[in-house]
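See below for the structure under consideration.
The values are calculated or read from the model by the stated rules, or taken from the named source; none is laboratory data. Predicted, not measured: the structure shown is a model, and the values here were computed from it. Here the Cβ positions follow ideal geometry from the backbone for every residue, glycine too, while neighbour counts run over all protein chains shown. SASA here: full protein model, heavy atoms, side chains in, ligands and nucleic acids out. Shrake-Rupley method; radii C 1.70, N 1.55, O 1.52, S 1.80 Å.
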Amino acid sequence: MKRRTWLMTGGRALLSAPVLPWALVGCAAPRMPVQVALNAWVGYALLHLATEMDYLSEREVRLQEFPSNTASMMALVNGQVPAAALTLDELLLVREGGVDARAVLVFDESHGADVVLAHPSVARLSQLRGRRIGVESTALGAVVLAKLLEAAGLNAADVVKVPLTADQHVAAYARREVDVAITFEPMASRLRSLGAQVLLDSTRLPGLILDVLAVRADALPGQHDAWRHLLQGYFRAFEHRQAQPEVAARLMAPHQQLSPEEVMKAFEGIALSDLAGNHGWLGGTQPRLLKSAEMVGRLMHEARLLDRVPDLTSLCEPTFLPEVA
């Protein structure tokens, strides 16, 4: 079943599902910690740093590791978690599927960390014809693949698409099941260590690849303190990394399965959004995120990844951001 169809079916099913635990506002039961789904993408690593630094209390927030953004998205849609770290295009898919999810934080904009890596035998775009391309079955994967084929002057029939989740990229490349992988950190660093070379990266896709923290609207009432605690802890970790990048890299390295040096290198491929930047992305009368969402949504609609141009009403939720000093 196509994921978009599953999401739309699942979204309608959720409307008649039992009330989710976080929606029980005002009940006598103890408040549950908010749970956040995430994977090993370097842009989410500051959440792990916040946990390592004890900036996040387990009574308020718990992080749940998933093998891919696809798995995190499904966990958000089916109500397994109230929040997930996702790409902007995935948030738009979730919303089309009938789940009112909102961006409460912009983690980063990719600036080279999302990358198309190829076996040395594919040294130029013109050599892509007939090659096996591993790509995650997400809207982002499809959009990057479309941009790759456009740059190479090819169409979809000229290559072999091999659907792979992010955690499968390295093993598939090592076994030569794919010649090319559309991937991201930390998998990109592991692929480079196997000799893979860059064909295209996100520096050529400005405003297209953003990472956000998406929260279900039905999880917002009654949990205001927890969401504020989460964002305060995140920005404390942000400041710690700014002040002591080497120390922060050592703490994040185990979660990334990279060396501290590789972690620092991985961060070079993204532009992290600070607190002031987040207020610009999410707040005010013209949030910057809406402009990016309009562009991404239009591309997805044109590529038939969305059935309609997305409704961006209430996409941005700046309420829980700390005040700018």
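Per 5 Å bin, what is the whole-percent P(r) computed from every C-alpha pair distance within the stretch 227-325?
2, 11, 15, 16, 14, 15, 14, 9, 3, 0
If you take the beta carbon distance between His301 and Ala151 as r and set R0 to 22 Å, what does 1/(1 + (r/R0)^6) give as a FRET efficiency, to the nearest 0.05?
Result of the calculation: an efficiency of 0.55.
Send over a whole-number figure in Å² for the accessible area per residue of the stretch 35-130, probe 1.4 Å.
That works out to 29 Å² per residue.
Rolling a 1.4 angstrom probe over the protein heavy atoms, how many square angstrom per residue are accessible across the stretch 167-291?
Value returned for the stretch 167-291: 44 Å² of accessible area per residue.
With each label point set 7 Å from Cα along the Cα-Cβ vector, what nm distance links Asp225 and Met32?
According to this spin-label approximation, the distance is 1.9 nm.
Can you give the Rg/Rh ratio of the chain, where Rg is from the C-alpha atoms and Rh is the Kirkwood radius?
Numbers: Rg = 19.4 Å, Rh = 20.2 Å.
Here the Rg-to-Rh quotient is 0.96.
As a check on your grasp of the helix formula, calculate [θ] at 222 nm for the chain: sum -39500 (n - 2.57) over DSSP H runs of n ≥ 4, divide by the residue count, round to the nearest 500.
Counting only the DSSP helices, I get -12000 deg cm²/dmol.
Please find the FRET efficiency linking Asp274 to Arg62, where r is the Cβ-Cβ separation and R0 is fixed at 30 Å, and quote it to the nearest 0.05.
Computed FRET efficiency for Asp274 and Arg62: 0.75.
Pairs of lysine in the chain with Cα under 24 Å and at least 8 positions apart or on different chains: total?
4
Please report how far the C-alpha centroid of the stretch 102-150 lies from that of the stretch 249-315, rounded to the nearest whole angstrom.
Taking the Cα centre of each part, the stretch 102-150 and the stretch 249-315 sit 16 Å apart.
Is the C-alpha gyration tensor of the stretch 29-188 telling us rounded, prolate or oblate? Criteria: a/c under 1.5 is rounded; beyond that, a/b larger than b/c is prolate, otherwise oblate. Provide the component values of the computation, followed by the final result.
Numbers: a/c = 2.59, a/b = 1.99, b/c = 1.30.
Judged from the Cα gyration tensor, the stretch 29-188 comes out prolate (a/c at least 1.5, a/b above b/c).
Could you work out what % of the accessible surface of the chain is carbon and sulfur, using a 1.4 angstrom probe and leaving DNA, RNA and ligands out of the count?
Carbon with sulfur: 52 percent of the solvent-accessible area.
Calculate, in nm to one decimal, what Glu294 and Glu246 gain on full extension: separation in residues at 0.36 nm each, minus their alpha carbon distance.
13.5 nm
What number, in percent, do you get for the relative contact order of the chain if the mean sequence gap of Cα pairs under 8 Å and at least 6 apart is divided by its residue count?
Relative contact order, the chain: 27 percent.
Using a 10 angstrom cutoff on alpha carbons, build the Gaussian network for the chain and name the most mobile of Ala303, Ala139, Ala157.
Ala157
For Gln80 and Val160, compute 0.36 nm times the residue count separating them, minus their Cα-Cα distance, and round to one decimal in nm.
Computed gain between Gln80 and Val160 is 25.4 nm.
Using a 1.4 Å probe and ignoring any ligands, DNA or RNA, find the accessible area of Ser314 and quote it in Å² to the nearest 10.
60
Glu60 accessible area, nearest 10 Å², 1.4 Å probe?
Here the residue's solvent-accessible area equals roughly 40 Å².
Rank Val180, Val263, Leu305 by how far each Cα sits towards the positive end of the charge dipole of the stretch 178-325 (+1 on Lys, Arg Cβ; -1 on Asp, Glu Cβ) and give me just the farthest.
Positive-end residue among those listed: Val180.
Towards the positive end of the charge dipole of the stretch 138-204, with charges on Cβ (+1 Lys, Arg; -1 Asp, Glu), say which of Pro163, Ser189, Gly153 has the farthest Cα.
Ranked along the dipole, the leading option is Ser189.
Determine, from the Cβ-Cβ distance of Leu194 and Glu261 and an R0 of 22 Å, the FRET efficiency 1/(1 + (r/R0)^6), rounded to the nearest 0.05.
Numbers: r = 18 Å, r/R0 = 0.80.
Approximately 0.80, to the nearest 0.05.
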